[in-house]
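Structure, as structure tokens:
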Amino acid sequence: MDLAHGYVRDSGLAELATGLAWALFGSRSRLTVAKWVNAWTELRTYVLAQFPEAGWRAYIRSWETRIRATRIEMALAHRDGPSDPVMLTHLRGIEEILEHQRLGFHALESWNGEAFRWGAPLARLRVSLPPGAGEIVLDTRELRGPVDRYLRGVSWGTRAVPRRDIRAIRGELHCRLRGPSGPRWLTVVTRPLPPALNGPRDSRRLGIPLFALRSR
């Protein structure tokens, strides 16, 4: 009950609805919920535009939520994804991941001279493992602290990755993946970092910080 309450309190509408559907139902339910969220955010954005006194920041946040919901809906509706996924034949820096190969990531930033992107609380990567590989490793540099403290879950394609197959080791998130190695969406769901903790000028709701990914 406390976990559910915290999720409702901290999560945005798009991540909350899709996250709950992901946990409780199946891919068809996730798509239905994404469509509902998209319609709701479209209506909310329109209403806010009619009342300027509601505040510019509220209007911008509504647009950001609508964009996230639209991209989530598109990804769920086209589960086959793009024809050219990220091929994890070697270490891939986040700056190498093209826009159509990622979903729910913010603009490129730098930390100690290294490029990274903040993910949203629900972030996805379209990847393909090389033959013989059975694990994906996400490098976070512990920018937000140990990954297992804020991770909610990982899915590979339409299947959730069991907790026993997920390990956090020195800033890296190791996910052992089962099933075919063809192109699939890797989905990472995290507890949102509240905007108040990001600094007074950063209103983003952040998830996982990602520097690079590789297979093993």
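The values are calculated or read from the model by the stated rules, or taken from the named source; none is laboratory data. This is a predicted model, so every value here is computed, not measured. Every residue, glycine as well, gets a Cβ built from its backbone with ideal geometry; the counts of neighbours run over all protein chains shown.
Please go through region 108-122 and give me each residue that is at pLDDT 90 or above and either among the aliphatic types (A, V, I, L, M) or over 18 Å from the mean Cα position of the chain (by Cα) (or both), ordered by number.
Leu108, Ser110, Trp111, Asn112, Gly113, Glu114, Ala115
For region 170-191, name all the residues that are farther than 12 Å from Gly153 by Cα, modelled with pLDDT of 90 or more and buried (at least 17 other Cβ atoms within 10 Å of the Cβ).
Gly171, Glu172, Leu177
Kindly indicate the residue of region 86-107 that is within 13 Å of Leu213 (Cα to Cα) and among the charged types (D, E, K, R) and also nearest to the chain's Cα centre (by Cα) among those meeting that condition.
That would be Arg102.
Considering only region 153-160, I want to know if a residue exists there that is under 14 Å from the mean Cα position of the chain (by Cα), modelled with pLDDT of 95 or more and buried (at least 17 other Cβ atoms within 10 Å of the Cβ).
Within region 153-160, not a single residue is under 14 Å from the mean Cα position of the chain (by Cα), modelled with pLDDT of 95 or more and buried (at least 17 other Cβ atoms within 10 Å of the Cβ).
Of the residues Arg167, Arg141, Arg102, Arg117, which is at positive phi, of a type outside the set (Gly, Ala, Ser) and surrounded by 15 or more Cβ atoms within 10 Å (Cβ to Cβ)?
When all the criteria are applied, what remains is Arg141.
Just give me the residues in region 83-108 being farther than 23 Å from Ser128 by Cβ and touching a residue at least 40 places away in the same chain (Cβ under 8 Å), in sequence order.
Of everything in region 83-108, just one residue is farther than 23 Å from Ser128 by Cβ and touching a residue at least 40 places away in the same chain (Cβ under 8 Å), namely His106.
Any idea how many residues of region 109-128 are in contact (Cβ under 8 Å) with a residue 24 or more places away in the chain and closer than 17 Å to Leu98 by Cα?
The number of residues fulfilling the criteria is 12.
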